[in-house]
Amino acid sequence: MNGDTQVVSLATLAPQARPLGYYNWVHLNPGDRVIVKRYGFGPEHGTVDIVSEDATYFWVWIDGQSRILIFQGDGTVIHKILP
């Protein structure tokens, strides 16, 4: 983890973030702000880049880092940040 990573507590984000299960990925759009929780990392803020046509996978730019691929079964938890 580098110094640019934003680590936040999901408990403090509950009012502004909504957890999304796999079947709700169809509601993601490029530009949506999300919080990504993946194994071995703290919660990270990011921006949805590309969502597949069938919404089975999508790409997220993690703030201050690189783009990552999210797909069903990878153990990642997504919270969509509400405007």
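The values are calculated or read from the model by the stated rules, or taken from the named source; none is laboratory data. Every value quoted in this text rests on a predicted model; they were computed, and no experiment measured them. Every residue, glycine as well, gets a Cβ built from its backbone with ideal geometry; the counts of neighbours run over all protein chains shown. Heavy atoms of the whole protein, side chains included, go into the accessibility calculation; ligands, DNA and RNA do not. Shrake-Rupley method; radii C 1.70, N 1.55, O 1.52, S 1.80 Å.
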Meets criteria (over 16 Å from LEU20 (Cα atoms) and part of a loop (DSSP other than H, G, I, E, B)) for GLY40
yes
Inside the stretch 1-50, the number of residues satisfying the requirement of being modelled with pLDDT of 75 or more and not acidic (Asp, Glu) is 32
Filter the stretch 50-81 down to residues that are without any contact (Cβ under 8 Å) to a residue 24 or more places away in the chain and in contact with a Lys or Arg (Cβ under 6 Å, 6 or more places away or on another chain) and give me whichever is most open to solvent (accessible area, probe 1.4 Å).
TRP61
